[in-house]
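Below: one structure, written as structure tokens.
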């Protein structure tokens, strides 16, 4: 055996302590102290020393979190102190009865209040961690409370679980109990990866945590971002005298290196417990992890001893559950709804079920891919998940309950509203109605957009009036606006003859516009104001745009294959063309753009940014002026920016322009500049 140089031994101990300290800061305190690159450098050096001097290797080394070969099976562990379950309270009355029983057993006076510790009930997996002389020697599941499974190799991979305890006064034998859970962000990441690989997804974070802990290969567990919060002690032998309260015990565990939930709170009396419950229920959906209720414990440990236990639960603790967020019900049917952009969304019609505090009879199925991934059939029993205000979702199918008459879900080939073909662009998950302006499901939103200020700018035609006109059958598409008569709309709610005539005059005034604004007003997918300007400048006329194929469209700067597809698809639709022709026949017109003059535009090829308040002219006017002169108006500053116009209140864009040495002018200088051109 090679002699270990003294300096190497010291370096190894320093690296080990440093890495364990950084793990504690990052995974327990959520306060990283060094960059990942520095952590990786220290870890590589530690592993180099262990490889050269394997006799230095110790169980508390950070390199030993992930074990070697997969286990053939889990061995059983008998808990020296049983891991009991908790009784549940499902109402304020049951919680008050719990408090009353405690008062009676302790012979308290009516006005004496018990001090309770309130803790969020994490929705994960209960575990037991055994430490001898400060080193982790065993991790086990709760099992049936008396016998669990040895998952030591797996719990060692969880960075918020200390391999070696830190601080002073650590007892020779300590058993810590806590909840291992999967934060929501990690759950979403795991399921996204599973979907990408065509694997089965987890129904919820709790199932994902349980599945991760029961992996025979600890490398799989290590790949899951599990966390643990300590919530109690099973055994405490030797060392310091045991703390006198549950809260002080948690504080001590935190000092020894365990993660303690930040929302643990000590309160006086059962009314304060109920108030805590309400606060956490409101906060529940903003937490980064799932909780399914609140646990209340008598804080004084001596009183806990006096109260004792019933057969399977302590008398001094109780859990009050939140309304369930998952339930099983039956899928009765699937309907297909058409959204304002033509997106076809399947909606599950369910046998009504109470979940998440409300009765649910509908749930979103997102798209055809989601239906296929779930393997869903009409008639199936399904798990419905609802968290707070989130739209209920079908989380999974209970295959063993599938009835013999279950039938597959057939995605429609034609729009259920206008019967136009349903199309799905390659690379997109959503299928859409191709009816465009013709589709009744899209007509209201199409008309609102068409009339908006940056499009045809029809003054007085607000959202509520559009909906009223469509609902009354007075208009069906944007072309119908120009057929309206004052006497037909004067009797509508809140109109009258004067308002009706004002609207008709405003519609008439909108007839003369620009090609760019007309293109934007049509609501072609991915064609915004800037793209409308680009198309107008490069093609000059609507006919040229309609005749252009995808290759020609893509020759234009800032128009890629997706935008080109949407433009071509819109103008290949005969219903859309019919509405465009009807608009032109009703008098909507514009001046064609002289393409030959584009090369002589003074600002061609330049990129300008407007920021801050414009006091002499509006931002929209300034943008139009710049685009008429050939400039591109961008929303952010970059190294490619030619000029920035900064008004009062200019913030980060001005700062960035100055840091990049990009020229900046104020509004007066800008107007003077325009006058010189």
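Coordinate-derived values only; no laboratory data. This one's a predicted model, so the numbers in the text were calculated from it and none came from an experiment. Glycine gets a Cβ as well: all are built from the backbone with ideal geometry, and neighbour counts include every protein chain shown.
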I'd like the orientation of helix 561-572 relative to the chain: the angle between its Cα long axis and the longest Cα principal axis, in ° from 0 to 90, rounded to 10. 50
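Considering every pair of different Cα atoms, what Kirkwood radius, in Å, is found for the range 619-662?
Numbers: mean 1/r = 0.0892 Å⁻¹.
Result for the range 619-662, one decimal place: 11.2 Å.
How large is the helix-only mean residue ellipticity at 222 nm for the chain, computed as the sum of -39500 (n - 2.57) over DSSP H runs with n ≥ 4, divided by its residue count, in deg cm²/dmol to the nearest 500? The partial results should precede the final answer.
Values: 24 runs with 238 residues, N = 677.
Estimated from H runs of four or more residues: -10500 deg cm²/dmol.
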Tail beyond 23 Å, pair distance distribution of the range 326-408 (Cα, percent): 17
How much space per residue, in cubic angstrom, does the convex hull of the C-alpha atoms of the range 231-319 take up? 120
What is the helix-to-structure angle for 246-255, meaning the angle in degrees between its Cα long axis and the longest Cα principal axis of the chain, kept from 0 to 90 and rounded to the nearest 10? 80
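May I ask for the equivalent-ellipsoid semi-axes of the chain, computed as the square root of five times each C-alpha gyration tensor eigenvalue and listed largest first in whole Å?
Values: eigenvalues 764, 240, 141 Å².
Square roots of five times the eigenvalues give 62, 35, 27 Å.
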Grab every C-alpha pair in the range 601-676, bin the distances at 10 angstrom width from 0 up to the longest one, and report whole percents. 20, 59, 21, 0
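Scale the Cα Rg of the range 372-432 by the rule-of-thumb value 2.2 N^0.38 Å and send over the ratio, two decimals. Walk me through the numbers before you get to the answer.
Values: Rg = 14.9 Å, N = 61, 2.2 N^0.38 = 10.5 Å.
That ratio works out to 1.42.
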How large are Rg and Dmax for the range 123-237 when calculated on the C-alpha trace, in angstrom? 14.9, 51
Mean projected area, convex hull of alpha-carbon positions in the range 515-597, reported to one decimal in nm², is 5.0
Taking alpha-carbon centroids only, the range 603-677 lies from the range 224-297 a number of Å equal to 55
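Would you mind ranking 652, 443 so that the residue whose beta carbon has the fewest other beta carbons within 10 Å leads the list?
Values: 652 10, 443 23.
In increasing order of surrounding Cβ atoms, one gets 652, 443.
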Using the 10 angstrom Cβ neighbour count as an exposure proxy, how do 566, 246 rank, fewest first? 566, 246
Expressed to two decimals, the range 436-510 has a Cα Rg over Rh, using the Kirkwood radius, of 0.93
Specify the angular offset, from 0 to 90 degrees and rounded to the nearest 10, of the alpha carbon long axis of helix 496-509 from the longest principal axis of the alpha carbons in the chain. 80
Could you work out the Rg to Rh ratio of the range 550-677, with Rh taken as the Kirkwood radius (inverse of the mean 1/r over all Cα pairs)? 1.07
Within 10 Å of each residue's Cβ, count the other Cβ atoms and sort 6, 227, 274 from fewest upward. 6, 274, 227
